Amino acid sequence: MELTILILIFPLLSFLILGIGGKWMKPAHAGLLGTLSLSLVTLLSYATAWLYFTSPRTAEGVYETLLPYNFTWLPFTQTLHFDLGILLDPISVMMLVVISTVSLMVHLYSFGYMKGEKGFQRYYAFLSLFTMSMLGLVVATNIFQMYLFWELVGVSSYLLIGFYYTKPSAVAASKKAFIVTRFADLGFLIGILLYGYYGGTFAFTPDSMTLLTGGAAMLPLALGFMFVGGAGKSAMFPLHIWLPDAMEGPTPVSALIHAATMVVAGVYLVARMFPLFIAYAPQVLEVIGWVGAFTAFFAASIACVQTDIKRVLAFSTISQIGFMIVALGVCTDMNPHEGGLGYMASMFHLFTHAMFKALLFLGAGSIIHAVHSNEMSAMGGLRKYMPVTHITFLIACLAIAGIPPFSGFFSKDEILAACFHYSPVMGWVMTVIAAMTAFYMFRLYYGIFWGKENKELHAHHTPHESPLVMTFPLIFLAAVTCVAGFIPFGTLVSSNGEAYHIHLDATVAITSVLIAILSIAIATWMYARSSQPVADKLGKRFKGLHTAASHRFYIDEVYQFVTHKIIFRCISTPIAWFDRHVVDGFFDFLAWGTHATSDEIRDFQSGQVQQYAFVFLLGTLALIVTLLLTF
């Protein structure tokens, strides 16, 4: 396990070499270096997972938590200090596999997708920085180390979203993502400081002996603030506004950051702090669950009407992250047989979703590469031209819709079972959202591969299948999507660390599959034909709702109004006036007074010896008179 340090060193070295010396390298060599580095990281991650999960469990029946490296960086007290190291436990090892797998596929895919792009070397340098940051986040030994890498992930996201820096929309999207997540991370930092003060440590599980008086009462507040940071990173309502615009970055970046890794950082944070939530803040966990449920429904509603294929997938991501958050929120204790089923289900869905959502985004990139447009109106009938992309995309759609035997069925079924165990209301809410997921994904599928072909557009450039360097990642991820559901995930990752053998709830499974099939049938009826009279008729009948959903229910406009009309005009403008006229005026007055005084007394430095002698004499006489009067 000592070699796990190389998992962070290899991408860091790749970033430094490509970032500093990339301009002197050929693009192909830069891409090869970055890909080779990630290949080694992937091999090490898989070897680590194999060694870890095949090692014997402890006497308590759990996998041992390992610390191959851990040293104190900045000590404050005996228990409160900043540490840096590597922590290996079931969820961190699982995340190593997820991040390295998806990142390697993106590195390979980018050889074809980004070929000929200006800044190819810079692109691979940023990919390496992001991968290193995310890997460092998941193996952090304490909450402060997690925060350091958390911010590095934010910087990496900013750089990759704004990769096309000559494109105003990309620059605006990168700034929007950076600003929104920075505001959220302020809450995360406040939570860390409260936790460190009242918990007496930055460790993930504080000893009850280190808690200050009243510390247990303050931990719910600290954990709530931490979740604000997680909600920003995972695009939970109302901090979701940055993710759809982040699609302005290269499509492989969307697959890496905004589908598989970065956006699940908030889920990972809640999972990492799960024992604390259960012990000290179960009520906060319930609030988190309902926030996730609303976000999942809200995003699914918008995805049903979007026409940009990447934005459909972006809102799908928000909705699926909501599923993971809900699964954690409905946990009521640490025993997976009782109320902790959602923990395992959330981590399982994180694993399966990473694979098929990366497949969907890379498939979307292949489609965009063929038709040079993101809009579904430029597509239709592409199954004839792109058979590999068509089949792999269909597999991903079936998986996310929850159709067996694809992986999404198994993980989503466990989430629904956990929701029904918590509350029938939550169970049916999430079942309806799952039905919406199947509907909008097959609306997307039919709009791309079936429907009416845009012959006028295709006459200018006939669509074609992507090269092998792009289709191989699609085939690989599709294969993983087909088999990942059969992994005995519960025996590897569970809420209390003990092996948990998954048993499908027949009632929940049958219900969810029937509803998914019904949703797919409705989407087929509405969108599979060359014309879409039903969809057009419904759009006109519910024009107000359709328009509102198309404009994301005007949440962005609300933010613009609040920031520009209220904060900037009513708060920032008066503060700026006070700063210019009062603060600056006061210091200008001091400067004027100093200058005026200097003008008055500068004659004392005339350079005339007689004047200096006269002043000296007057001063001496004044001192003598003062002394005489005193005594």
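Among the residues of segment 108-128, are any within 21 Å of residue 276 (Cβ to Cβ), in contact (Cβ under 8 Å) with a residue 24 or more places away in the chain, part of a loop (DSSP other than H, G, I, E, B) and in the same structural domain as residue 265 (by TED's automatic domain parsing)?
Going residue by residue through segment 108-128, those that are within 21 Å of residue 276 (Cβ to Cβ) are none.
No: zero hits.
Residues checked against (1) surrounded by 21 or more Cβ atoms within 10 Å (Cβ to Cβ); (2) under 22 Å from residue 360 (Cα atoms); (3) under 25 Å from the mean Cα position of the chain (by Cα):
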residue	(1), (2), (3)
440	yes, yes, yes
464	no, yes, no
474	yes, yes, yes
478	yes, yes, yes
483	no, yes, no
489	yes, no, yes
499	no, no, no
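Name the pairs whose Cβ atoms lie under 8 Å apart, with the first residue in segment 547-573 and farther than 18 Å from residue 239 by Cβ, the second surrounded by fewer than 11 Cβ atoms within 10 Å (Cβ to Cβ), and 6 or more positions between them or separate chains?
Pairs found: none.
Could you check segment 64-91 and list, in sequence order, the residues that are surrounded by 13 or more Cβ atoms within 10 Å (Cβ to Cβ) and not hydrophobic (A, V, I, L, M, F, W, C)?
Correct list: 64, 65, 68, 69, 70, 79, 81, 83, 85, 89, 90.
Could you please tell me which pairs satisfy a Cβ distance under 7 Å, a separation of 6+ or placement on different chains, a first residue in segment 171-199 that is within 25 Å of residue 257 (Cα to Cα) and assigned to a helix (DSSP H, G or I), and a second residue that is at pLDDT below 90 and of a type in the set (Asp, Glu)?
Every condition considered, the pairs that remain are 173/245; 173/248; 176/245.
For segment 5-60, name all the residues that are more than 24 Å from the chain's Cα centre (by Cα) and of a type in the set (S, T, N, Q).
48, 54, 55, 58, listed by residue number.
Return the residue satisfying two criteria in turn: it lies in segment 522-537 and is surrounded by 11 or more Cβ atoms within 10 Å (Cβ to Cβ) and out of contact with any helix residue (DSSP H, G or I) (no Cβ under 8 Å at 6 or more places or on another chain), and of such residues it is farthest from residue 442 (Cα to Cα).
Across segment 522-537, the extreme among qualifying residues is 537.
In segment 31-55, what residues are polar (S, T, N, Q) and free of Cβ contacts under 8 Å to residues at least 12 places away in the same chain? Steps first, please.
Here is the first cut: in segment 31-55, the residues polar (S, T, N, Q) are 35, 37, 39, 42, 45, 48, 54-55.
Result: 54, 55.
Give all pairs with beta carbons closer than 9 Å in which a residue from segment 384-411 that is farther than 17 Å from residue 467 by Cβ and without any contact (Cβ under 8 Å) to a residue 24 or more places away in the chain meets a residue that is assigned to a helix (DSSP H, G or I) and among the polar types (S, T, N, Q); count only pairs at least 6 apart in sequence or on separate chains.
Short answer, once both residue conditions are applied: 398/481.
For residues in segment 104-153 being over 18 Å from residue 473 (Cβ atoms) and basic (Lys, Arg), which is farthest from the chain's Cα centre (by Cα)?
Filtering segment 104-153 for residues that are over 18 Å from residue 473 (Cβ atoms) and basic (Lys, Arg), the one farthest from the chain's Cα centre (by Cα) comes out as 118.
Failed condition for residue 156, given (1) free of Cβ contacts under 8 Å to residues at least 12 places away in the same chain; (2) among the polar types (S, T, N, Q); (3) under 22 Å from residue 364 (Cβ atoms), with all others met?
All conditions are met except number (1).
Can you name the residue in segment 325-370 that is within 20 Å of residue 387 (Cα to Cα) and not hydrophobic (A, V, I, L, M, F, W, C) and, of all such residues, is surrounded by the fewest Cβ atoms within 10 Å (Cβ to Cβ)?
369
Rundown of residues vs (1) modelled with pLDDT under 90; (2) of a type outside the set (Gly, Ala, Ser); (3) touching a Lys or Arg at 6+ places or on another chain (Cβ under 9 Å), yes/no style:
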residue	(1), (2), (3)
271	no, no, no
297	no, yes, no
302	no, yes, yes
313	no, yes, yes
319	no, no, no
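Testing residue 514 on (1) modelled with pLDDT of 85 or more; (2) surrounded by 14 or more Cβ atoms within 10 Å (Cβ to Cβ); (3) out of contact with any Ser or Thr (no Cβ under 8 Å at 6 or more places or on another chain); (4) under 29 Å from residue 295 (Cβ atoms), one condition comes back false. Which one is that?
(2)
What about residue 544, is it assigned to a loop (DSSP other than H, G, I, E, B), modelled with pLDDT under 90 and loosely packed, with under 10 Cβ neighbours inside 10 Å?
So residue 544 does not fit the description; no.
The values are calculated or read from the model by the stated rules, or taken from the named source; none is laboratory data. Not measured: the values here are computed from a predicted model. Note that we place each Cβ from the backbone using ideal geometry, even for glycine, and neighbour counts take in every protein chain shown.
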